[in-house]
Amino acid sequence: QACLYALADAQRETKVAIHHGVRVITHHHASITLTEPNLGEFLRRFHRDVSCAVNTLLARERYDCPRNVFDKRTSHAMRLLDPAAQASHLTYEYLNPVAAGLVARPEHMPGTTLDWGHWKAGGLWVERPDFYFSSDRPAALWLALTPPPLLIRAFDGDLEALIHHMRRLSEDGIRALRDARKRAPMGAQRVQR
């Protein structure tokens, strides 16, 4: 909840277009399109809020706080120049928890899983968590989720066809990962624990 709220708030402040995102315990992936040259500001806001929220939650639950949720490495960013690269990278992001051996399917990952169907809805409402985020921020934020412009253009604006294509790519990837797996995934309960 805190990650999604931080993402929606960073979007609200920086006006980036968010296409997809996934959490994988030790890191996250996000696909965005900038509307202004403000990638650094978007990442600073998002990472600061996630880090502070995680530390606040851990302290509230009486766990030791790591202080630095994100290590000292810089964020990695790359530009995806064509629809094939965008579809490939979005599929890679979506399947990351499966490839890491955490869950058998992306939707089994604890918390909200962003998937291609959110493009049809245009996004989702995210309620402000009851910790860290002060009451001067909105009680709920709309996290707008849209397909990458080049990718939707490659499907002549046919959102249904694009979503179908992305689901097929994902299912093919899930099958390939399952066939290559040497041991069972951890599963949602162990990941949550």
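Somewhere in the range 103-113, is a residue assigned to a helix (DSSP H, G or I), within 30 Å of Ala53 (Cβ to Cβ) and in contact with an Asp or Glu (Cβ under 9 Å, 6 or more places away or on another chain)? Scanning the range 103-113 turns up at least one residue that is assigned to a helix (DSSP H, G or I), within 30 Å of Ala53 (Cβ to Cβ) and in contact with an Asp or Glu (Cβ under 9 Å, 6 or more places away or on another chain). In a residue-by-residue description of the range 164-172, the property of being touching a residue at least 12 places away in the same chain (Cβ under 8 Å) and surrounded by fewer than 13 Cβ atoms within 10 Å (Cβ to Cβ) applies to no position.
Test Gln11 against the criterion of being in contact (Cβ under 8 Å) with a residue 12 or more places away in the chain, open to solvent by less than 50 Å² (accessible area, probe 1.4 Å) and either small (Gly, Ala, Ser) or in contact with a strand residue (DSSP E or B) (Cβ under 8 Å, 6 or more places away or on another chain) (or both), and give yes or no. In short, yes. What about Pro97, is it assigned to a helix (DSSP H, G or I) and either surrounded by 18 or more Cβ atoms within 10 Å (Cβ to Cβ) or hydroxyl-bearing (Ser, Thr, Tyr) (or both)? In short, yes.
The selection criterion, being part of a strand (DSSP E or B) and on the phi < 0 side of the Ramachandran plot, does not hold for Leu81. Considering the range 175-193, the residues that are free of Cβ contacts under 8 Å to residues at least 60 places away in the same chain and outside any loop (DSSP other than H, G, I, E, B) include one that is most open to solvent (accessible area, probe 1.4 Å), namely Gln189. Within the range 113-125, the set of residues being crowded, with 19+ Cβ neighbours inside 10 Å and free of Cβ contacts under 8 Å to residues at least 40 places away in the same chain comprises just one member, His118. All conditions in (1) within 30 Å of Arg183 (Cα to Cα); (2) open to solvent by 60 Å² or more (accessible area, probe 1.4 Å); (3) of a type in the set (A, V, I, L, M, F, W, C) hold for Val103, with the sole exception of (2). Here Glu93 does not qualify as within 15 Å of the chain's Cα centre (by Cα) and free of Cβ contacts under 8 Å to residues at least 12 places away in the same chain. It is to be established whether one or more residues within the range 52-71 are closer than 26 Å to Ala144 by Cβ and in contact with a Ser or Thr (Cβ under 7 Å, 6 or more places away or on another chain). Scanning the range 52-71 turns up at least one residue that is closer than 26 Å to Ala144 by Cβ and in contact with a Ser or Thr (Cβ under 7 Å, 6 or more places away or on another chain).
Picking from residues in the range 14-26 that are touching a residue at least 12 places away in the same chain (Cβ under 8 Å) and assigned to a loop (DSSP other than H, G, I, E, B), the one that is nearest to Gln86 (Cα to Cα) is Val16. In the range 27-70, the qualifying residues are those that are assigned to a loop (DSSP other than H, G, I, E, B), more than 16 Å from Ala8 (Cα to Cα) and open to solvent by 80 Å² or more (accessible area, probe 1.4 Å), and the one that is modelled with the lowest pLDDT is Arg67. Tell me, yes or no, whether the range 126-148 has at least one residue that is in contact with a strand residue (DSSP E or B) (Cβ under 9 Å, 6 or more places away or on another chain), open to solvent by 20 Å² or more (accessible area, probe 1.4 Å) and on the phi > 0 side of the Ramachandran plot. For the range 126-148, residues in contact with a strand residue (DSSP E or B) (Cβ under 9 Å, 6 or more places away or on another chain), open to solvent by 20 Å² or more (accessible area, probe 1.4 Å) and on the phi > 0 side of the Ramachandran plot: absent.
The values are calculated or read from the model by the stated rules, or taken from the named source; none is laboratory data. Just so it is clear, the structure is predicted and the values come from calculations on it, not from any experiment. In this analysis, Cβ positions are derived from the backbone assuming ideal geometry, glycine residues included, and neighbour counts consider all displayed protein chains. Calculation scope for accessible area: heavy atoms of the full protein, side chains included, ligands and nucleic acids excluded. Shrake-Rupley method; radii C 1.70, N 1.55, O 1.52, S 1.80 Å.
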